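The values are calculated or read from the model by the stated rules, or taken from the named source; none is laboratory data. Given the structure is predicted, the values throughout are model-derived calculations rather than measurements. Cβ placement follows ideal geometry from the backbone for every residue including glycine, while neighbour counts extend to all protein chains displayed. Remember, those area values only see protein heavy atoms, side chains included, never the ligands or the DNA or RNA. Shrake-Rupley method; radii C 1.70, N 1.55, O 1.52, S 1.80 Å.
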Amino acid sequence: MKKAIIAGLAGGMAMNIAMLLTFRTLGFGWDGRGILLTSSMQSEKLVAVWTKIEPLPLVVNTPLPIILGLMLFGIGHAFIYRSVAGAWPAGFMPRAMRMSGLIFFMTYLFWEFFTPFNQFGEPLQLIALELSFWALIAVAEGAVIAWLMERRAA
């Protein structure tokens with residue numbers, strides 16, 4: 001149990017860092033001028049949610065609860081890993097890729113379909129960019145969790 005909690009916290013931290021490097025740095029920008037907010041093809045509804053409609057998303061003004069929540073998701077993902085990894089081929093890489101795929105498919109692909117595509121009318125080109133960000137985030141988290149869970153106890 002301790003190993004899963006540690007792996008989950010590390011995976012959650014990897015998720016937060018990868019989100020910072022993708023969505024914050026490139027997507028939204030530190031000054032709100034990233035490609036996801038300034039692209040001429042972007043949905044006005046999405047831009048308004050992130051920049052105008054009060055209250056703004058917590059991650060914009062008060063990110064700590066979101067950062068901590070993502071850490072909790074990391075712990076949950078590590079416990080899922082612990083319960084299913086035995087059915088996967090042995091080894092770090094096969095298991096890391098499967099965990100990353102699971103996270104990507106079950107969380108991020110669903111999110112992009114249901115919210116940006118369905119609710120905000122975001123164009124497919126920007127959804128594709130976001131999915132590339134999410135893929136990097138899923139690999140970061142999945143690889144960290146698999147690496148720590150596959151390590152032998154010292």
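Structure summary
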| read-out | value |
| --- | --- |
| Check on Gly74, surrounded by fewer than 15 Cβ atoms within 10 Å (Cβ to Cβ), closer than 30 Å to Trp50 by Cβ and in contact (Cβ under 8 Å) with a residue 60 or more places away in the chain | no |
| Which numbered condition Ala14 fails, given (1) part of a helix (DSSP H, G or I); (2) open to solvent by less than 30 Å² (accessible area, probe 1.4 Å); (3) closer than 22 Å to Pro123 by Cα | (3) |
| Condition broken by Thr22, with the remaining ones in (1) closer than 17 Å to Trp134 by Cβ; (2) exposed (fewer than 13 other Cβ atoms within 10 Å of the Cβ) satisfied | (2) |
| Whichever residue in the stretch 79-124 is outside any helix (DSSP H, G or I) and farther than 26 Å from Ile35 by Cα and, among such residues, is least open to solvent (accessible area, probe 1.4 Å) | Gly91 |
| Residue count, the stretch 22-46 (criterion: touching a residue at least 40 places away in the same chain (Cβ under 8 Å) and hydrophobic (A, V, I, L, M, F, W, C)) | 6 |
| All positions within the stretch 108-154 that are in contact with a helix residue (DSSP H, G or I) (Cβ under 7 Å, 6 or more places away or on another chain) and of a type in the set (D, E, K, R) | Glu112, Glu122, Glu130, Glu141, Glu150 |
| Exclusive hit being within 24 Å of Ser83 (Cβ to Cβ) and either exposed (fewer than 15 other Cβ atoms within 10 Å of the Cβ) or among the polar types (S, T, N, Q) (or both), set Ile35, Ile5 | Ile5 |
| Residue in the stretch 119-136 that is closer than 15 Å to Ile17 by Cα, in contact with a Gly (Cβ under 8 Å, 6 or more places away or on another chain) and touching a residue at least 12 places away in the same chain (Cβ under 8 Å) present | yes |
| Residue selected from the stretch 125-145 under the condition open to solvent by less than 50 Å² (accessible area, probe 1.4 Å) and β-branched (Val, Ile, Thr), by the criterion farthest from Gly12 (Cα to Cα) | Ile127 |
| Residue within the stretch 47-67 that is part of a helix (DSSP H, G or I), open to solvent by 60 Å² or more (accessible area, probe 1.4 Å) and in contact (Cβ under 8 Å) with a residue 60 or more places away in the chain present | no |
